[in-house]
Each structure stands twice: as structure tokens, then as C-alpha cells.
Amino acid sequence: MRFVLNGTHTGSFMGIPPSGRSVSIVANILMRLVDGKVAELRGIFDEAGLLRQIGVLQG
């Protein structure tokens, strides 16, 4: 599954104080199903992109 998360950095994230900036992050989730139920879930998102959007990384 691929989706986009949109929001505003209003709380502490990984020790980074809120910036008040809007963010948009693409995420991908892989699920393994067994008998129609999620047996395993793995996800990845663009963490560097998020850090750039909240002003922690340059680029």
C-alpha cells in the first residue's frame, strides 16, 4: 500500500520541538496476510524528506 500523510508539525518528533510547518510525506506499507488477517506489517517513509520539511536538514 502506498499513501501520502499530510499534517502539521505541532508536537515533539524524535526530540525535535514543534516547528508549526506543514508536511507531506509519502509512505509505503507491506503487509503479509494469513487467512485474511494481517500477520506482518512493515513500513517505510521518507524520513529525510520529513526532516527537510520541518527545517532540521538542508536541501
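FYI, it's all coordinate maths here, none of it is from the lab. Bear in mind the structure is a predicted one, so any value in this text is a computation, not a measurement. Neighbour counts run over all protein chains shown; Cβ positions are idealised from the backbone, glycine included.
Output yes when any residue across segment 46-53 is of a type in the set (S, T, N, Q), in contact with a helix residue (DSSP H, G or I) (Cβ under 8 Å, 6 or more places away or on another chain), farther than 20 Å from Met1 by Cα and surrounded by 10 or more Cβ atoms within 10 Å (Cβ to Cβ), and no when none is.
no
Across segment 5-59, the qualifying residues are those that are in contact (Cβ under 8 Å) with a residue 40 or more places away in the chain and assigned to a strand (DSSP E or B), and the one among them that is farthest from the chain's Cα centre (by Cα) is Ile16.
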